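Chemist: Sharing a structure here in structure tokens format.
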Amino acid sequence: MERAGASPINSAHSLHPPRGDTNRPVFWRVEGSLLHLSAVRPVAFFTWNAQSFSERWARRGSVGLLALVRPFLYATNRVFATRMLHTSLRGVSQDRLDLLGEEYFHYVLKPRLRPQGVKKLKEWMEVHGQVVLVSQGLDHVMRPLAEHMGVERLLSNRLEFRDGLATGRLLEPVIPPRGALARLIGRRADGRVSSQWLCREFNIKGQPEILHRSIFPSQRLPVSRSRPLVLFDSQKTIARRSVRESLAGKHILLIGVTGFIGKVWLIHLLSDLPEVGRIYLLIRRQGPHTARSRFEKIVSESPAFDELYNRHGERLPQFLSDRIEIIEGDVSKPGLGIEPEVQARLRRKLDLIVNSSGLTDFNPDLREALATNVDAVVHLLDFLRQSGQAALLHLSTCYVAGARDGRVSEKLTPHYTPARSATFDAEQEWQALHELVQKTEAQAESPAVSEELRRLVIEKSAHGKMLSTSALENHVARHRSRWLRTHLTQAAIQRAKELGWPNTYTFSKSLAESLIASRGSDLPVAVVRPSIVETSLQQPFRGWNEGVNTSAPLSYLLGTYFRQLPSNERKCLDVIPVDLVCRGMTLIAAALINRCHERVYQLATSAVNPCDMRRSIELTGLAHRKHYRAQESFRHRLRLRFDTISVSKERYQNFSAPRQKAIIRALQRTVQPLPFLQSPLVRTERNLDRVEKIIELYEPFILQNDHVFEAENIELLSLALPPKEKETFGYDALSIDWWDYWINVHIPAQRKWSYPLIEGRPLEPRPERPFRLLSSTSPPFAGGETLQSQAQIR
């Protein structure tokens, strides 16, 4: 215990280390100088904000019990009392403690900082340099304080973690609270303490090396990982290969530039590869909007092009006109829907075709899925076969694996089905699906269906019997279109599930891969399988996302009062930033040009840097909490109390949306005589129905099919880069810090770019910046291309 009026410093002179001397750090005690920090209150805050309601009450009860016995423990042994206090945090995740620590500092401690102590510390650091902050608080609270003060090193209590969860054990040395007398009168603005005094306080007298080893950086660092790449295949080698040299002067046809991945990859080429030759963009004409006008609209409106605008300013039209050529075409048509003379020119010039187009709705109309995801690939293979030297990079998805568990290798398997159907033939399946479309279209025009549709129109319309013949036929035509779409959508879903795929999207993508395996075995083709493509880390800027992408509806749901998500908490949610996908595409493009490519490349994180469902759900909730805590309204404060938890399917059905919907329906029957109560109940039932549909749609990705996607081939290409190109083109999934990505990048990006669309609100208005390509760009040609601009599971 500190003596009243006694200073823990031997002399001021002894604590003035020579500049540049890092072996004699200056220690600055937080308690008394900067803050009056209680030992119990931060721990109580952590326990009260545990993930589940039951966990909060259980932990709060344990803290209450410890508070009763703590004075006796404290009088006996302060170190033991400190250890016992922190056992109540056993099982709390490091992710939660890091976020709550930031919150506790910013909203509780920061307003209570002592101005005199802050001033004294800053004056000292201006003259003498860095100090080491010493505190009894946990590092989760002290790191934000150190960052606020500009201090680079800390000495504080730290918890032991296993698999990201606290064990409840404090690491050595344990820093006990100050003595009672020191807390009453030891409030000096000058917080300097000697290392000898600290050694006595921490019961490590005569062992200063332990004290110095316990100092750690104040910056939050992600868990460092290193993973050796072991090659079991003797045919795989790592030969130095330059991306810049490989792609210099090469002509590239990019299909799908209006989509999320295509747009970012184009910007990557334009920003980082000035050596590339001409870039041809195949874009579909959309009604009166030509391919050229569609591209100009994208450049003028998309925030993804902000950096190019900032870099080139008024010269951007000239810059783009010098490097790109817009071609109207339709990849779902023979010859890519391009005029014959343009086809001939492209076949002579092209070195690489990149197909990033695709319909990414999970369960679209079978006609659309076939045309965009399967027929387009067949036409591309035909076009490639007639080209002189072009290679094809085709974007697929890791989830072609379908309903299966375990590791998914980088292999292209002909006639693959997850159900292991021995009679499946991709060519026959493709033809059968087209025949099914023709048969269903003929059925829609049959007299029996037409008569049934007329009857439905008349029954649904109060004035149906009074409709004129033309009006009735118009209504019937609309109902026929809806009937046809519904039947073809359901037929595609049924066939996909029969063969082992969860939805039409993965079924159609896998069918395209099988056709590549059978029809393109002698062609230079690489199939690229990204996993769930999400928010960018760096390019075109940190936090870029677009549209209502794959995970947006689910993450939005987790930010509401919805609490119980049926999921397998050990299953990995394989997410990859879009700019990392684009780096991988560039490496694969260089390998294709050099004809040293593999047939399949998986761009995924589950094998090298996994983030399981338990952590994904919690990080999403913490990201929402950070946003809601910054708001002032009671509604937002209430929402941050509702953390979603991972539960079994049975618990979800018994206590969540399905059971709640059953209760609402029972209430509707009860209050049927009271019409004014029906409206809110109907709205609630409709919302619960949406929740059920979202859960059903995402179950294959969050509850079933525990995939681990190998990604060795892309790592080999990254290792082959020259050192000077690694920073620009290197592929490193190990470097992703999921805590920072989820809380500070991904969810804020979805809140900005995706959630307004889900809620039916417009995005934030942007200043107008008219853009027109220069007339020197080649004129558009006839045709069209089908693709979708949503971000995607690839």
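Chemist: Can you confirm whether segment 135-147 contains a residue that is open to solvent by 60 Å² or more (accessible area, probe 1.4 Å) and over 30 Å from the mean Cα position of the chain (by Cα)? Outline the logic, then answer.
Modeler: Taking segment 135-147 first, the residues open to solvent by 60 Å² or more (accessible area, probe 1.4 Å) are 147.
Going one step further and asking which of them are over 30 Å from the mean Cα position of the chain (by Cα), we end up with none.
There is no residue in segment 135-147 that is open to solvent by 60 Å² or more (accessible area, probe 1.4 Å) and over 30 Å from the mean Cα position of the chain (by Cα).
Chemist: Here is a follow-up. Could you grab me the full set of residues in segment 452-466 that are at pLDDT 70 or above and of a type outside the set (Lys, Arg)?
Modeler: Result: Glu452, Leu453, Leu456, Val457, Ile458, Glu459, Ser461.
Chemist: Do we have Gly101 as out of contact with any His (no Cβ under 8 Å at 6 or more places or on another chain), under 30 Å from Arg614 (Cβ atoms) and either open to solvent by less than 60 Å² (accessible area, probe 1.4 Å) or at pLDDT 95 or above (or both) here? Give the steps one after another, and end with the answer.
Modeler: Working: out of contact with any His (no Cβ under 8 Å at 6 or more places or on another chain): no; under 30 Å from Arg614 (Cβ atoms): yes; either open to solvent by less than 60 Å² (accessible area, probe 1.4 Å) or at pLDDT 95 or above (or both): yes.
Considered against the rule, which asks whether it is out of contact with any His (no Cβ under 8 Å at 6 or more places or on another chain), under 30 Å from Arg614 (Cβ atoms) and either open to solvent by less than 60 Å² (accessible area, probe 1.4 Å) or at pLDDT 95 or above (or both), Gly101 comes out as no.
Chemist: Within segment 625-643, does at least one residue satisfy the condition of being open to solvent by 10 Å² or more (accessible area, probe 1.4 Å), over 19 Å from Ser735 (Cβ atoms) and in contact with a strand residue (DSSP E or B) (Cβ under 9 Å, 6 or more places away or on another chain)?
Modeler: no
Chemist: Across segment 587-605, what is the number of residues that are open to solvent by less than 10 Å² (accessible area, probe 1.4 Å) and either within 23 Å of Leu734 (Cβ to Cβ) or outside any helix (DSSP H, G or I) (or both)?
Modeler: 11
Chemist: So Glu307 clears everything in (1) surrounded by fewer than 17 Cβ atoms within 10 Å (Cβ to Cβ); (2) on the phi > 0 side of the Ramachandran plot except one condition, right? Which one?
Modeler: It fails just one condition, (2).
Chemist: Additional query: It is to be established whether one or more residues within segment 348-367 are in contact with a Gly (Cβ under 7 Å, 6 or more places away or on another chain) and surrounded by fewer than 20 Cβ atoms within 10 Å (Cβ to Cβ).
Modeler: So far as segment 348-367 goes, yes, one or more of its residues are in contact with a Gly (Cβ under 7 Å, 6 or more places away or on another chain) and surrounded by fewer than 20 Cβ atoms within 10 Å (Cβ to Cβ).
Chemist: State which residue pairs qualify: first residue within 16 Å of Arg407 (Cα to Cα) and without any contact (Cβ under 8 Å) to a residue 60 or more places away in the chain and inside segment 680-709, second residue open to solvent by 50 Å² or more (accessible area, probe 1.4 Å) and in a helix (DSSP H, G or I) in any location, beta carbons under 7 Å apart, and separation of 6 or more residues or different chains.
Modeler: Final answer for the pair search is none.
Chemist: While we're here: Check Val43, Val69, Val108 and return the single one that is surrounded by fewer than 19 Cβ atoms within 10 Å (Cβ to Cβ), under 30 Å from Cys199 (Cβ atoms) and touching a helix residue (DSSP H, G or I) at 6+ places or on another chain (Cβ under 9 Å).
Modeler: Within the list Val43, Val69, Val108, the selection yields Val69.
Chemist: Moving on. So which pairs qualify, if the first residue must be in segment 656-676 and more than 23 Å from Ser567 (Cβ to Cβ), the second must be among the charged types (D, E, K, R) and assigned to a helix (DSSP H, G or I), the Cβ gap must be under 8 Å, and the two must be at least 6 apart or on different chains?
Modeler: Final answer for the pair search is Ile664/Glu685; Arg665/Glu685; Gln668/Glu685.
Chemist: Which of the residues spanning segment 425-448 are open to solvent by 20 Å² or more (accessible area, probe 1.4 Å), under 18 Å from Ala512 (Cβ atoms) and touching a helix residue (DSSP H, G or I) at 6+ places or on another chain (Cβ under 7 Å)?
Modeler: Glu427, Trp430, His434, Leu436, listed by residue number.
Chemist: Which one of the conditions (1) part of a loop (DSSP other than H, G, I, E, B); (2) open to solvent by 50 Å² or more (accessible area, probe 1.4 Å) does Ala662 fail to meet, given that it meets all the rest?
Modeler: Evaluating Ala662 over (1) part of a loop (DSSP other than H, G, I, E, B); (2) open to solvent by 50 Å² or more (accessible area, probe 1.4 Å) leaves (1) as the failure.
Chemist: While we're looking at this one, here's another question. Could you figure out which of (1) within 30 Å of Glu598 (Cα to Cα); (2) open to solvent by 40 Å² or more (accessible area, probe 1.4 Å); (3) more than 27 Å from the chain's Cα centre (by Cα) isn't true of Gln704?
Modeler: (3)
Chemist: Among the residues that make up segment 423-441, is at least one of them in a loop (DSSP other than H, G, I, E, B), closer than 22 Å to His394 by Cα and under 32 Å from the mean Cα position of the chain (by Cα)?
Modeler: Within segment 423-441, none of the residues are in a loop (DSSP other than H, G, I, E, B), closer than 22 Å to His394 by Cα and under 32 Å from the mean Cα position of the chain (by Cα).
Chemist: Another question, if that's okay. Limited to segment 170-221, what total is found for residues that are open to solvent by 60 Å² or more (accessible area, probe 1.4 Å), among the charged types (D, E, K, R) and at pLDDT 80 or above?
Modeler: Going through segment 170-221 one residue at a time, the tally reaches 6.
Chemist: Across segment 514-543, what is the number of residues that are open to solvent by less than 10 Å² (accessible area, probe 1.4 Å), among the acidic types (Asp, Glu) and over 20 Å from Leu266 (Cα atoms)?
Modeler: The total comes to 0.
Chemist: Looking at Leu667, is it in a helix (DSSP H, G or I) and over 27 Å from Arg751 (Cβ atoms)?
Modeler: So Leu667 passes the test.
Chemist: Further, regarding this structure: Please state which one of Glu102, Glu160 is under 32 Å from the mean Cα position of the chain (by Cα) and touching a residue at least 40 places away in the same chain (Cβ under 8 Å).
Modeler: So the residue among Glu102, Glu160 that is under 32 Å from the mean Cα position of the chain (by Cα) and touching a residue at least 40 places away in the same chain (Cβ under 8 Å) is Glu102.
Chemist: OK, next. Out of all the residues in segment 556-568, is one or more open to solvent by less than 10 Å² (accessible area, probe 1.4 Å), under 16 Å from the mean Cα position of the chain (by Cα) and under 30 Å from Lys349 (Cβ atoms)?
Modeler: No, the conditions are met nowhere in segment 556-568.
Chemist: Condition check: of a type outside the set (A, V, I, L, M, F, W, C), open to solvent by 10 Å² or more (accessible area, probe 1.4 Å) and within 26 Å of the chain's Cα centre (by Cα). Does Glu546 satisfy that? Steps first, answer last, please.
Modeler: Numbers: of a type outside the set (A, V, I, L, M, F, W, C): yes; open to solvent by 10 Å² or more (accessible area, probe 1.4 Å): yes; within 26 Å of the chain's Cα centre (by Cα): yes.
Taking the combined requirement at face value, the residue satisfies it.
Chemist: Can you report the number of residues in segment 596-652 which are under 30 Å from Leu247 (Cβ atoms), of a type in the set (S, T, N, Q) and touching a helix residue (DSSP H, G or I) at 6+ places or on another chain (Cβ under 6 Å)?
Modeler: Going through segment 596-652 one residue at a time, the tally reaches 3.
Chemist: Hey, among Arg794, Arg751, which residue is modelled with pLDDT under 90 and under 23 Å from the mean Cα position of the chain (by Cα)?
Modeler: Numbers: Arg751 fails: modelled with pLDDT under 90.
So the residue among Arg794, Arg751 that is modelled with pLDDT under 90 and under 23 Å from the mean Cα position of the chain (by Cα) is Arg794.
Chemist: Same structure again: Identify, by number, the condition in (1) surrounded by 14 or more Cβ atoms within 10 Å (Cβ to Cβ); (2) free of Cβ contacts under 8 Å to residues at least 12 places away in the same chain; (3) aliphatic (A, V, I, L, M) that Val63 doesn't meet.
Modeler: With (1) surrounded by 14 or more Cβ atoms within 10 Å (Cβ to Cβ); (2) free of Cβ contacts under 8 Å to residues at least 12 places away in the same chain; (3) aliphatic (A, V, I, L, M) applied to Val63, the lone miss is (2).
Chemist: Which residue pairs have Cβ atoms under 7 Å apart, sit 6 or more places apart or on different chains, and have a first residue in segment 278-300 that is touching a residue at least 40 places away in the same chain (Cβ under 8 Å) and under 14 Å from Asp330 (Cα atoms) and a second that is of a type in the set (D, E, K, R) and in a helix (DSSP H, G or I)?
Modeler: Close Cβ pairs (under 7 Å, with a partner that is of a type in the set (D, E, K, R) and in a helix (DSSP H, G or I)) amount to Ile283/Arg294; Gln286/Arg294.
The values are calculated or read from the model by the stated rules, or taken from the named source; none is laboratory data. From a predicted model like this one, the values you see are computed outputs, not experimental measurements. Every residue, glycine as well, gets a Cβ built from its backbone with ideal geometry; the counts of neighbours run over all protein chains shown. To get the accessible areas, we keep the full protein, side chains included, count just its heavy atoms, and leave off ligands, DNA and RNA. Shrake-Rupley method; radii C 1.70, N 1.55, O 1.52, S 1.80 Å.
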